[in-house]
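Q: Right, I'll just put the structure down here and ask away after.
The values are calculated or read from the model by the stated rules, or taken from the named source; none is laboratory data. What you see is a predicted model; the values in this text were computed from it and never measured. Every residue, glycine among them, receives a Cβ derived from its backbone with ideal geometry; neighbour counts consider all protein chains shown. Ligands, DNA and RNA are excluded from the accessible area calculation, which covers all protein heavy atoms including side chains. Shrake-Rupley method; radii C 1.70, N 1.55, O 1.52, S 1.80 Å.
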Amino acid sequence: MTNWRQRFEDDYTSPGWGVQERVMRTVFGDDYPEGVDPYSYVSLAELYRFARDLALERGGILVDLGCGRGGAGLWVALETGARLVGIDIAEAALVGARDR
């Protein structure tokens, strides 16, 4: 049986690897969301759309389940002025999100 919590802890404890970032930059070009460190395939245009479509008010609350190191949720919160509540199985991911 896979210990998913430990697997995610291991992934988020180790530093990101530059190959993924280089691939994402090549694929997305100028649409790569700088500083987001996404683990999923999300573009800058998609982040702008999320921020618009969520219609968050300044000071509203955005909950990001499976937030990882913050990535997209942090970006949307900064863009909209919302407060972010990040939830993740890996404490190392939450520490990374807090540091960002």
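Q: Roughly how big is the chain's charge dipole about its Cα centre, with Cβ charges of +1 (Lys, Arg) and -1 (Asp, Glu), in debye to the nearest 20?
A: Details: 11 positive and 16 negative charges, 25 e Å.
The dipole magnitude comes to about 120 debye.
Q: Also, I was wondering about something else. Put a dot 7 Å past each Cα toward the Cβ at Glu34 and Glu21; how far apart are the dots in nm?
A: Placing both labels 7 Å beyond Cα along the Cβ direction yields 1.3 nm.
Q: Just to confirm, what accessible area per residue do you get for the range 43-92 at 1.4 Å probe, in whole Å²?
A: For the range 43-92, the solvent-accessible area averages 57 Å² per residue.
Q: For the range 48-100, just list the percent of Cα-Cα distances falling in each 5 Å bin from zero outward, please.
A: With 5 Å bins starting at 0, P(r) equals 5, 24, 31, 21, 12, 6, 0.
Q: Say the dipole of the chain comes from +1 at the beta carbon of Lys and Arg and -1 at that of Asp and Glu; which of Asn3, Ser43, Ala55 then lies farthest toward its positive end?
A: Ala55
Q: Right, here's the next one. How many nm separate the modelled label positions at Val63 and Arg98, each set 7 Å beyond the Cα in the direction of the Cβ?
A: 2.1 nm
Q: Another question about this same structure. For the chain, what is one quarter of the convex hull surface built on the Cα atoms, given in nm²?
A: 6.7 nm²
Q: Under a plain spin-label model, where a point goes 7 Å from the Cα along Cα-to-Cβ, how far apart in nm are Leu78 and Ala45?
A: Each label point is offset 7 Å from its Cα along the Cβ direction, giving 2.2 nm.
Q: To the nearest 10 square angstrom, how much accessible area does Val36 have with a 1.4 angstrom probe?
A: About 0 Å², rounded to the nearest 10.
Q: Restrict the search to the chain; then list the GluC sites (Glu not before Pro) that DSSP places in a loop and that have at most 13 other Cβ atoms within 10 Å of their Cβ.
A: Glu34, Glu57
Q: Give the carbon-plus-sulfur fraction of the accessible surface of the chain in %, rounded to a whole number; probe 1.4 Å, heavy atoms of protein chains only.
A: 55 percent
Q: Next up: What 222 nm value per residue comes from the helices of the chain, counting each DSSP H run with n ≥ 4 as -39,500 (n - 2.57) and dividing by all residues, nearest 500 deg cm²/dmol? Spell out each step's value before the answer.
A: Values: 5 runs with 51 residues, N = 100.
Taken over the chain, the calculation gives -15000 deg cm²/dmol.
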